[in-house]
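The values are calculated or read from the model by the stated rules, or taken from the named source; none is laboratory data. Note that the structure is predicted; figures quoted are calculated from it, not measured. Here the Cβ is made from the backbone with ideal geometry for all residues, glycine too, and neighbour counts use every protein chain on show. Quick note on the areas: whole protein, heavy atoms, side chains included, nothing else; ligands and nucleic acids left out. Shrake-Rupley method; radii C 1.70, N 1.55, O 1.52, S 1.80 Å.
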Amino acid sequence: MLARVFSCAVIGLEGVIVEVEVDTGEGLPAVAIVGLPDAAVQESRERVQAAIRNAGLYFPRKRMIVNLAPAAVRKEGPAYDLPIALGALMASGQISCDALEGSLVIGELSLDGAVRHVRGVLPMAALARQQGFRRIFTPEADAAEAALVPGLEVYPVASLTALVAHLEGAIPIAPYPTISPDDAPIPPTTDFAEIKGQEHVKRALEVAAAGSHNLLMVGPPGSGKTLLARALPGILPRMTIDEALDVTRIYSVADQLPPDVPLIRNRPFRAPHHTISHAGLVGGGNMPHPGEISLAHRGVLFLDELPEFGMRVLEVLRQPIEDKVVTISRAQGTLTFPANFQLVGAMNPCPCGYYGDPVKPCTCSNVVVTKYQKRISGPLLDRIDIHVEVPRVEYEKLSDHRLGEPSEVIRQRVEAARQVQRERFAGTGLVCNADMQPAEVRKYCALDETGRALMKTAMSQLQLTARAYHRILKLARTIADLAGAAQIGPNHLAEALQYRPRLRTDT
């Protein structure tokens, strides 16, 4: 007897409908799974047999063939356990073949029949709704994630026994209530009000947030670079519902969605260790999964101790910074992951960390300092718009009990500047000033006579490249937007120029 159950695979960030066909026939008892299954899918044979027996049901002692169609798509992971088990029960006549009409089934089985969490439920549920399925049966732990998709009945399944009882009409499972994305809580973030001193760095972070510019902080250990970076997401504009769903989908596929958080509302903040591999940063594997730069999509990628990262690892950032996507090619095909992140780096000025510090002397030689600073290539530095020094904080500021300006107030200014940019770029596909191409720079970043003279002098003295020239103009446009100015003034341009790199190589 032939039975069919619909399930889903995830390729990159997109779902693909998989038809699980189960056929039983005469012959020695055996289970064969075909359709490009990986090792985890092949192991479903043992899990399914044990789960069916321990659920008090009968596993047919016949020759069984399980086909996962389309056969050209490689299947990975244990999400096919539950549909295979249901197919076996339908093929043996224990469940009606019409019981799952219009339904999508996903879930991993434990040996006692309990249904466990699987990754990628959100894109699977979205595809089910798109393909016209009326309901989806998911693990109980993943029901809230699937319930974010409107117009789809979500049934949380705790065990194989409970699902069979539901399909037989004995003990119905109540559908999971649809979750409105607006109801998802927004967790608190680090507040700028708690950070003592460093007013000029806070200003640089505000400018970076207003135009989505990349930023590098240079300073001695303990000056607050990491704390300042962690406070940046708190002043970035709130994510729209579409952005939140976009980010949640990536975390669902990467299996990094917290169990009690069906929807990510805060902008991501990723801080990988400097020992991270090339594949860990950009993504990869035999079946490519998102890397850290994709997990930082719509948020902040913070690279602490920037010169300690491998040179090859840092250089792969250059293309995603420009293109906002990362493309991974394998023999089976090419996948593209989103990578629209804001890069924030932090580094010490030298190996000991105290080069140029007015209190603690540096123990590094000129050669060591120069070699350390040159670990970051010029092309990568050229793609960072804002370079700011973070000095040590004085005792008077640390002991001051007065709070600084809260993140909420700063975020309101940032959102006002972003609104100006949205209106400016309406209909162009651009979002913020950092996205401008040369045509937009020429149109929206015009300078007056004084500004052109200042820029000409800066080009000569700072030896700026063409890319740096455009990035300074884009940064000046953001500063003018924060000030509510229609045109870029000399003061806006002067502030943008002071954020150019000034790494020292003398003692």
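Could you list, in sequence order, all residues of region 371-415 that are under 30 Å from Leu464 (Cβ atoms) and in a helix (DSSP H, G or I)?
Lys371, Tyr372, Gln373, Gly378, Pro379, Leu380, Leu381, Asp382, Ile410, Arg413, Val414
Take the residues of region 143-165 that are part of a helix (DSSP H, G or I) and under 26 Å from Ala88 (Cα atoms): which is most open to solvent (accessible area, probe 1.4 Å)?
Only one residue fits best here, namely Thr161.
Could you check region 433-468 and list, in sequence order, the residues that are in a loop (DSSP other than H, G, I, E, B), hydrophobic (A, V, I, L, M, F, W, C) and at pLDDT below 90?
Applying the first criterion (in a loop (DSSP other than H, G, I, E, B)) to region 433-468 yields 436-437, 445-448, 462-465.
Within this subset, residues satisfying the condition of being hydrophobic (A, V, I, L, M, F, W, C) are 436, 445-447, 462, 464.
Residues satisfying the conditions are Leu462, Leu464.
Leu430 is checked against (1) open to solvent by 70 Å² or more (accessible area, probe 1.4 Å); (2) under 21 Å from Asp323 (Cα atoms); (3) not in a helix (DSSP H, G or I) and fails just one. What number does that condition carry?
Of (1) open to solvent by 70 Å² or more (accessible area, probe 1.4 Å); (2) under 21 Å from Asp323 (Cα atoms); (3) not in a helix (DSSP H, G or I), only one is false for Leu430: (1).
Here's the yes/no breakdown for (1) without any contact (Cβ under 8 Å) to a residue 40 or more places away in the chain; (2) over 27 Å from Arg330 (Cβ atoms):
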{"position": "Lys225", "(1), (2)": "no, yes"}
{"position": "Ala229", "(1), (2)": "no, yes"}
{"position": "Pro233", "(1), (2)": "no, yes"}
{"position": "Thr240", "(1), (2)": "yes, yes"}
{"position": "Val247", "(1), (2)": "no, no"}
{"position": "Ala254", "(1), (2)": "no, no"}
{"position": "Pro258", "(1), (2)": "yes, yes"}
{"position": "Gly285", "(1), (2)": "yes, no"}
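Matching residues to (1) touching a residue at least 40 places away in the same chain (Cβ under 8 Å); (2) part of a strand (DSSP E or B); (3) open to solvent by less than 10 Å² (accessible area, probe 1.4 Å):
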residue: Leu86; (1), (2), (3): yes, no, yes
residue: Cys97; (1), (2), (3): yes, no, no
residue: Leu104; (1), (2), (3): yes, yes, yes
residue: Leu111; (1), (2), (3): yes, no, no
residue: Arg119; (1), (2), (3): yes, no, no
residue: Met124; (1), (2), (3): yes, no, yes
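Against the condition among the hydrophobic types (A, V, I, L, M, F, W, C), over 22 Å from Pro156 (Cα atoms), open to solvent by 70 Å² or more (accessible area, probe 1.4 Å) and touching a residue at least 12 places away in the same chain (Cβ under 8 Å), how does Leu2 come out, does it pass? Let's see the steps before the verdict.
On the way: among the hydrophobic types (A, V, I, L, M, F, W, C): yes; over 22 Å from Pro156 (Cα atoms): yes; open to solvent by 70 Å² or more (accessible area, probe 1.4 Å): yes; touching a residue at least 12 places away in the same chain (Cβ under 8 Å): yes.
Considered against the rule, which asks whether it is among the hydrophobic types (A, V, I, L, M, F, W, C), over 22 Å from Pro156 (Cα atoms), open to solvent by 70 Å² or more (accessible area, probe 1.4 Å) and touching a residue at least 12 places away in the same chain (Cβ under 8 Å), Leu2 comes out as yes.
Which pairs turn up if I take residues in region 423-440 that are of a type in the set (A, V, I, L, M) and look for partners that are open to solvent by less than 30 Å² (accessible area, probe 1.4 Å) with beta carbon separation below 6 Å, at least 6 apart in sequence or on another chain?
Final answer for the pair search is Ala434/Gly211; Ala434/Ser212; Ala434/His213; Met436/Lys474.
List the number of the failed condition for Ala210; all other conditions in (1) open to solvent by 40 Å² or more (accessible area, probe 1.4 Å); (2) touching a helix residue (DSSP H, G or I) at 6+ places or on another chain (Cβ under 6 Å) hold.
With (1) open to solvent by 40 Å² or more (accessible area, probe 1.4 Å); (2) touching a helix residue (DSSP H, G or I) at 6+ places or on another chain (Cβ under 6 Å) applied to Ala210, the lone miss is (1).
What pairs come out if I take residues in region 48-61 that are over 13 Å from Met90 (Cβ atoms) and pair them with residues that are among the β-branched types (Val, Ile, Thr) and open to solvent by 50 Å² or more (accessible area, probe 1.4 Å) whose C-beta lies under 7 Å away, six or more apart or interchain?
Ala55/Thr161; Gly56/Thr161
State whether the residues of region 189-205 include one that is under 19 Å from the mean Cα position of the chain (by Cα) and touching a residue at least 24 places away in the same chain (Cβ under 8 Å). Spell out the reasoning first.
The initial filter retains those residues of region 189-205 that are under 19 Å from the mean Cα position of the chain (by Cα), namely 189.
Of the ones still in play, those that are also touching a residue at least 24 places away in the same chain (Cβ under 8 Å) are 189.
Yes, region 189-205 has at least one match.
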